[in-house]
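Q: What follows is a structure written as structure tokens; I'll ask about it next.
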Amino acid sequence: MQKYSAEFFGTFWLVLGGCGSAVLAAAFPDVGIGLLGVSLAFGLTVLTMAFAIGHISGCHLNPAVSIGLWAGGRFPANQLPPYIVAQVLGSIAAGGVLYLIASGQAGFDVSSGFAANGYGAHSPGEYSLLAALVTEVVMTMMFLLVILGATDTRAPQGFAPIAIGLCLTLIHLISIPVTNTSVNPARSTGVAVFVGDWAVAQLWLFWAAPIVGGIIGAAVYRFIGSARD
């Protein structure tokens, strides 16, 4: 239960910090943090939680990461369901807190986005379904590659949270215009359930693509990172 609780609160922080920065601060009049600020916020949530709970649960915070670590031989299959449940519940709890805060502003309209992920008309740059699919698969693949490499016992020890947090920042810098950046089914679910309508209808992509990308990333690392004489 300690591991699952850690995943719950870690994912809660990721969604509250990352999506919260997008909803509350990205375009705040005159001093908005913009896409760079939102990207940094997501990276910082992972970096801070990796130091806070990495030694408890591994700090996955993401079903695609848990599945990718399983595919990479780093995580037991029997812990996947409770990890994923904890991550999704933590994300929804954070979405609820964010909704309570954001709805306190006059004129708030959850249907306008609420940091939900989307494609087509609901992509920030109106990118197609195919573009969104490729983006999410490739970005998650690279995320898993960095995670598996940074946490390899042969890698410099103690720096993995920095590499992983900066990787997530870079992923957001690249892909926010395309999908609002998911690479994390839990993160997508936590806000989509409050938006409803189109966000829930398009949610399938932000489960399928990150999971496929995570498995591919694990396969790539097992090939290039396996010990050889």
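The values are calculated or read from the model by the stated rules, or taken from the named source; none is laboratory data. Just so it is clear, the model here is predicted, and its values are computed rather than measured. Positions of Cβ are backbone-derived with ideal geometry, glycine not excepted, and every protein chain shown enters the neighbour counts. Note: accessible area is taken over every heavy atom of the protein model, side chains too, but ligands, DNA and RNA are not part of it. Shrake-Rupley method; radii C 1.70, N 1.55, O 1.52, S 1.80 Å.
Q: Can you tell me which of 50-58, 91-99 comes out highest on packing, and rank the rest after it, using the mean Cβ neighbours within 10 Å? Intermediate values should be presented prior to the final figure.
A: On the way: 50-58: 17.9, 91-99: 21.1.
So the order, starting with the most tightly packed, is 91-99, 50-58.
Q: Normalising by the residue count of segment 1-123, find the relative contact order in percent from Cα pairs under 8 Å and 6+ residues apart. Numbers along the way, then the final one.
A: Values: 117 pairs, mean separation 46.1, N = 123.
Across segment 1-123, relative contact order equals 37 percent.
Q: A further question on this structure: For a bin width of 5 Å, list the pair-distance distribution of segment 190-229 built from all Cα-Cα distances, rounded to whole %.
A: 5, 21, 17, 13, 11, 10, 8, 7, 4, 3, 1
Q: Just from its helices, what would the mean residue ellipticity at 222 nm be for the chain, if runs of 4 or more DSSP H residues each count -39500 (n - 2.57) and the sum is divided by every residue, rounded to the nearest 500 deg cm²/dmol?
A: Value at 222 nm, helices only: -22500 deg cm²/dmol.
Q: While we're here: Under a GNM of the chain (C-alpha, springs under 10 Å), which listed residue has the highest mean-square fluctuation: Arg154, Arg74, Arg187?
A: Checking each option, the largest mean-square fluctuation is seen for Arg154.
Q: Residue separation times 0.36 nm, minus the C-alpha to C-alpha distance between Asp152 and Lys3: what's the value?
A: Details: separation 149, 0.36 × 149 = 53.64 nm, distance 2.07 nm.
Length gained between Asp152 and Lys3: 51.6 nm.
Q: Find the relative contact order for the chain and round it to a whole percent, using C-alpha pairs within less than 8 Å whose residues are 6+ positions apart.
A: It comes to 31 percent, rounded to a whole number.
Q: Related question: Can you give me the Rg/Rh ratio for segment 160-223, using Cα atoms for both radii and the Kirkwood formula for Rh?
A: Values: Rg = 13.2 Å, Rh = 12.9 Å.
My calculation of the ratio gives 1.02.
Q: Mind jotting down a quarter of the surface of the convex hull over the alpha carbons of the chain, in square nanometres, one decimal?
A: Working: hull surface 49.1 nm².
Average of the hull's projected areas for the chain equals 12.3 nm².
Q: Quick one: dipole size for the chain, taken about the Cα centre, charges +1 on Lys/Arg Cβ and -1 on Asp/Glu Cβ, in debye to the nearest 20. List each step's numbers first, then the result.
A: Numbers: 6 positive and 8 negative charges, 122 e Å.
Computed charge dipole of the chain: roughly 580 debye.
Q: Give me the base-10 log of I(q)/I(0) for segment 77-203 at each q in 0.10, 0.11, 0.22 Å⁻¹, Debye formula, one uniform scatterer per Cα, rounded to two decimals.
A: The computed values of log10 I(q)/I(0) come out as -0.38, -0.45, -1.30.
Q: Expressed as an acute angle from 0 to 90° and rounded to the nearest 10, what is the orientation of the C-alpha long axis of helix 2-20 relative to the principal long axis of the chain?
A: Approximately 40 degrees, to the nearest ten.
Q: Follow-up. Please say if segment 81-120 is rounded, prolate or oblate, where rounded means a/c under 1.5 for a ≥ b ≥ c the square roots of the C-alpha gyration tensor eigenvalues, and otherwise the choice is prolate for a/b larger than b/c and oblate otherwise? Please list the in-between numbers first.
A: Values: a/c = 5.74, a/b = 1.58, b/c = 3.62.
Taking the square roots of the gyration eigenvalues as a ≥ b ≥ c, segment 81-120 is oblate.
Q: Express in whole angstrom the spacing between the alpha-carbon centres of segment 129-163 and segment 40-102.
A: 14
Q: Relative contact order for segment 51-152: what percent, with Cα pairs under 8 Å and sequence separation of 6 or more?
A: Details: 36 pairs, mean separation 22.4, N = 102.
In percent, rounded to a whole number, it is 22.
Q: Next question. Take the chain, connect every pair of alpha-carbon atoms lying under 10 Å apart with a spring to form a Gaussian network, then pick out the residue of Gly43, Gly149, Gly34 with the largest mean-square fluctuation.
A: Looking only at Gly43, Gly149, Gly34, the biggest GNM fluctuation is shown by Gly34.
Q: Per residue, how much accessible area does segment 79-214 have with a 1.4 Å probe, in Å²?
A: Dividing the accessible area of segment 79-214 by its residue count gives 41 Å².
Q: Sorted by packing (mean other beta-carbon atoms within 10 Å per residue), highest first, where do 103-116, 172-185, 206-219 land?
A: On the way: 103-116: 14.2, 172-185: 24.4, 206-219: 22.9.
By packing density, highest mean first, the sequence is 172-185, 206-219, 103-116.
Q: What do you get when you divide the Cα radius of gyration of segment 1-101 by 2.2 N^0.38 Å, with N the number of residues?
A: Numbers: Rg = 14.5 Å, N = 101, 2.2 N^0.38 = 12.7 Å.
Segment 1-101 yields a ratio of 1.14.
Q: Something else about it: Of the heavy-atom accessible surface of the chain (probe 1.4 angstrom), what whole percent is carbon and sulfur?
A: On the way: 7240 of 10300 Å².
Answer for the chain is 70 percent, counting heavy atoms of protein chains only.
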